[in-house]
Amino acid sequence: MKNYIIGVLAVALVAVGIFLLMQKKENTKLGLMLEGKIKENTELILNLDEKTKENTELSLKLQAFEKKPEIAVTVLSPNGGEVWVKGSTRKITWQDLSENLSSHEIKLENTDGVLYTVGNTNGTSFDWFVGKTWNTSELLTGKYKIKVCQTGSQNCDSSDKTFEIKDK
């Protein structure tokens, strides 16, 4: 049934495209987003281009590609260049523009890409005892980025640049 609906919609889209081309609309491009279609998060695009000489030529191109999820999470602080003292309490903040605000995983990423879990919380901020992670008993120092993800998803953001954790 889904394939039938996709076929009908594609034919309808082609018909609309041909009509617009007959009306001499230049650079006509049509897009069609199909829900629950070919593959989850797939967008089907139909481009119609017209070249005019004595006769009108119509070229048709169908593309299916995986749609990337929109990033709703944005790390606000620390976002790079800050120096935080190990053992102090600082607020990690982020923005989440999702419709359904979920819990977030907060991770610390060193310059080698190693991730340390800092916490998991609801909301858009986390009071962090600087240097403390769930993975280690010692307090860390060095250059890091904060990575915040919606729990259980790939919807994440990291600090734009590194910040430093140093001893007192």
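Give me a count of the residues in the stretch 119-152 that are touching a residue at least 60 places away in the same chain (Cβ under 8 Å) and within 15 Å of the chain's Cα centre (by Cα).
The total comes to 4.
Quick one: in the stretch 156-168, of everything that is part of a loop (DSSP other than H, G, I, E, B) and modelled with pLDDT of 90 or more, which residue is farthest from SER102 (Cα to Cα)?
ASP167
Could you please give the count of residues in the stretch 75-91 that are in contact with an Asp or Glu (Cβ under 8 Å, 6 or more places away or on another chain) and free of Cβ contacts under 8 Å to residues at least 60 places away in the same chain?
Residues in the stretch 75-91 being in contact with an Asp or Glu (Cβ under 8 Å, 6 or more places away or on another chain) and free of Cβ contacts under 8 Å to residues at least 60 places away in the same chain: 3 in total.
The values are calculated or read from the model by the stated rules, or taken from the named source; none is laboratory data. This structure is a prediction, so every number in the text was calculated from the model and none was measured. Methodologically, a virtual Cβ is constructed for each residue, glycine included, from the backbone with ideal geometry; neighbour enumeration extends over all protein chains shown.
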